[in-house]
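Everything below concerns the one structure shown next.
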């Protein structure tokens, strides 16, 4: 399309009722409601007939569903979106994820490492604190493996509202400072290295004597300082999970 005609064509498309335009190197794509008559549009822009084409409607809801297939994580978890009808494999725990909602869909390597640590280190009856709970996926996972009590916290009110809709355990707006001392048998924190360092004293205060601390959310070149040697280090791509 000649450059001098492009602005006029865009204006004409808006006049014809387009719901949106995408301009690229290969031309202009205009979107219309399903009820829009195609023939008048083709006639109006007939001068571009050699390059003009009608694209078939796309079921974007299905495209989105196809982008989130079920997946296995660790040895016990089976991650599925809420619309999935896939059968849960024998021996797996069905953990629903909510794409596009808060942090924590289970697709990020750091989240997957936390899930692997959860299945290894949380024992039935443990009291678990999920710091920076995001969507609540780690709180839900802790409950699935048998934690006796799970509490989540996040400084983002929107994330907390989302988590409250999908997990049965309590989630509050705030941070670990609000949790009583010597309460948690397991603390899991999938947050940045800088925040982990800031909360080091709080982790120590809230942990019980024989507790486990699971830290992730950072790459191997940005490890938090001041925690000493980890009991175990889990790795996926450039991401790590430290267990103390």
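The values are calculated or read from the model by the stated rules, or taken from the named source; none is laboratory data. The structure presented is a predicted model; accordingly, all values stated were derived computationally and were not measured. With ideal geometry, Cβ positions are generated from the backbone for all residues, glycine too; neighbour counts draw on all protein chains shown.
Put simply, of 226, 217 the only residue that is assigned by TED's automatic domain parsing to the domain that holds residue 133, part of a strand (DSSP E or B) and on the phi > 0 side of the Ramachandran plot is 217.
Okay, residues lined up against (1) outside any loop (DSSP other than H, G, I, E, B); (2) over 14 Å from the mean Cα position of the chain (by Cα); (3) surrounded by 18 or more Cβ atoms within 10 Å (Cβ to Cβ); (4) at pLDDT 95 or above:
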site	(1), (2), (3), (4)
75	no, yes, no, yes
86	no, yes, no, no
95	yes, no, yes, yes
100	no, no, no, no
107	no, no, no, no
120	yes, yes, no, yes
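For the stretch 122-144, the set of residues classified as buried (at least 20 other Cβ atoms within 10 Å of the Cβ), in contact (Cβ under 8 Å) with a residue 60 or more places away in the chain and part of a loop (DSSP other than H, G, I, E, B) consists of 122, 126, 132, listed by residue number.
Does any residue of the stretch 196-214 turn out to be on the phi > 0 side of the Ramachandran plot and not in a helix (DSSP H, G or I)? No, the stretch 196-214 contains no residue that is on the phi > 0 side of the Ramachandran plot and not in a helix (DSSP H, G or I). In the same structural domain as residue 212 (by TED's automatic domain parsing) and touching a strand residue (DSSP E or B) at 6+ places or on another chain (Cβ under 6 Å): which single residue out of 138, 93 fits that description? None of the other options fit; the residue is 138. Say whether the condition of being modelled with pLDDT of 95 or more, outside any helix (DSSP H, G or I), in contact with a strand residue (DSSP E or B) (Cβ under 8 Å, 6 or more places away or on another chain) and more than 15 Å from residue 116 (Cα to Cα) is met by at least one residue in the stretch 159-168. No: zero hits.
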